[in-house]
């Protein structure tokens, strides 16, 4: 749109200066922890005076951190396995129902994304206490799957609605059941939307902190919960090591997604 | 003659409806267990004494406490300030990205997705490191002679606001950018050809045409900030107490479920008011556009 103003050099310059500053603001906190994680001292000096890998050793050598890492990975894998099939079936149901019913269901399943996290966490604590699921992986999984369902539905609903349903109907008229029509014809064609939905559900679970803080516990505490507790009490440079690993992981995902989009 | 068959068809149609409804059911049940029942329970608790009898005392105490009003004020102040800064920083960024060729914009988009997908705790930790009194920001400011003493940038409202803006900005930029991408570049060229300055066509052409994205981004930012917990808990250092923090404190220090739940209902009402207002605004916007 700026191409309509080839002569306005100043406006263009100012706009890009501001954009560059804002982009720097966005990436700076995630990048600043990387050099710190290799620091040899337990002070947060910047730049670090001596280099070491002691914070990484601290992380990988600690039973509590490793247990939290395992819990978070487990939840990250289980959450899409629950939320994607449920979210997909919900999208199919909404697509086939009349506009009013479908809109009502849509609003209802998006509710977890609008409710304040703290409210969900405290309320869920009570529900899970009744079900004797406090401190279990299953309990946190319910919370994470509930948060992931709106994400999955937002990603999958447009794909399901755009889909050429005549193909499923054709399969049905040839004697295929609904399950075969959906799993055999629709799912393979929507595989990229499914991948995107699974990725978003995975990231939702991995990054979720508030529900974890309230309902996970002991050996089943998640990584964000342990990080939260140690950030609130003291600033442990081990977190810098974890943050660096995490950022590296996310950069890899962003790059992969970006290449996939291009091809 | 036709009747039995049409009755059969109608029965089939009804079965199909029930069948499709049942497809949506598992997700709805899960949302019920994990969101609807918890919210309903909070509402119920707010009207109960510790013994389980009906009472309005939780609300009477809540509304007569200056702490509540303070928390309510801080909550709205934080949300409004976060939204305001997101608008001021996010619109130019979205505009700059929307003006570049898609190939370059996609590259730059990674710089927005990176923080968006990075853990909130990693980002909060980064700000703790940057904003400490001996952190990079204060060192730079002192080194360049702008200030002589380190500024108090964390464990207060400023630090919380910086952390909140950093979390919310990508959520604001994405819909705004998408809306600006959809603007027909010819509209801007037409404005330019008729002598409108860049500044003028930004205000009269680009901004109105991207208002849908700005409003939906702004809604997300404002509503999320109202109930946000992690950033005020860490970067606020106990000195910033919006409703979310007060809820947690009421529970962990006083074990008072009734009072915490009443605060929760207050938060819920706040979210509902804001959501209703903004959705109303969006509908108005849409009608306005259709009308002329």
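Inside region B:107-188, counting only helices (runs of 4 or more DSSP H) that do not spill past its ends, which hold 3 or more residues that are in contact (Cβ under 8 Å) with a residue 60 or more places away in the chain and on the phi < 0 side of the Ramachandran plot? Talk me through it step by step, then tell me what you get.
Values: elements: B:120-131, B:136-143, B:157-181.
Result: B:120-131, B:157-181.
Given the structure, is residue A:138 within 18 Å of residue B:22 (Cα to Cα), out of contact with any strand residue (DSSP E or B) (no Cβ under 7 Å at 6 or more places or on another chain) and without any contact (Cβ under 8 Å) to a residue 12 or more places away in the chain?
Working: within 18 Å of residue B:22 (Cα to Cα): no; out of contact with any strand residue (DSSP E or B) (no Cβ under 7 Å at 6 or more places or on another chain): yes; without any contact (Cβ under 8 Å) to a residue 12 or more places away in the chain: yes.
Criteria not met by residue A:138.
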Quick one: which of A:200, A:227 is surrounded by fewer than 22 Cβ atoms within 10 Å (Cβ to Cβ) and either within 12 Å of chain B (Cβ to nearest Cβ) or touching a helix residue (DSSP H, G or I) at 6+ places or on another chain (Cβ under 8 Å) (or both)? A:200
Can you tell me which of (1) part of a helix (DSSP H, G or I); (2) more than 10 Å from every other protein chain (Cβ to nearest Cβ) is the one residue A:106 doesn't meet? (2)
Go through region A:13-26 and give me each residue that's farther than 12 Å from residue B:97 by Cα and over 26 Å from the mean Cα position of the chain (by Cα). A:13, A:14, A:17, A:21
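Are any residues in region B:258-273 surrounded by 15 or more Cβ atoms within 10 Å (Cβ to Cβ) and more than 10 Å from chain A (Cβ to nearest Cβ), and if so, which ones?
Listed by number, the residues that qualify are B:258, B:259, B:262, B:266.
Any chance region B:229-239 includes a residue that's surrounded by fewer than 20 Cβ atoms within 10 Å (Cβ to Cβ), closer than 22 Å to residue B:41 by Cβ and more than 10 Å from chain A (Cβ to nearest Cβ)? Spell out the reasoning first.
The initial filter retains those residues of region B:229-239 that are surrounded by fewer than 20 Cβ atoms within 10 Å (Cβ to Cβ), namely B:237-239.
This time we only want the ones that are closer than 22 Å to residue B:41 by Cβ, so: none.
There is no residue in region B:229-239 that is surrounded by fewer than 20 Cβ atoms within 10 Å (Cβ to Cβ), closer than 22 Å to residue B:41 by Cβ and more than 10 Å from chain A (Cβ to nearest Cβ).
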So for region A:18-39 (the condition being more than 7 Å from chain B (Cβ to nearest Cβ), surrounded by 13 or more Cβ atoms within 10 Å (Cβ to Cβ), out of contact with any helix residue (DSSP H, G or I) (no Cβ under 6 Å at 6 or more places or on another chain) and outside any helix (DSSP H, G or I)), does at least one residue qualify? yes
Quick one: residue A:160 ticks every box in (1) crowded, with 19+ Cβ neighbours inside 10 Å; (2) facing another protein chain (nearest Cβ under 8 Å) bar one, so which box is it? (2)
If residue A:235 passes every condition in (1) assigned to a helix (DSSP H, G or I); (2) at pLDDT below 90 but one, which one does it miss? (1)
Considering only helices (runs of 4 or more DSSP H) fully contained in region B:215-292, which possess at least 3 residues that are closer than 17 Å to residue A:125 by Cα? B:243-254, B:257-291
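The values are calculated or read from the model by the stated rules, or taken from the named source; none is laboratory data. None of these values were measured; they are calculated from a predicted model. When we count neighbours, we look across all protein chains shown, and the Cβ atoms used for this are built from the backbone with ideal geometry, even at glycine.
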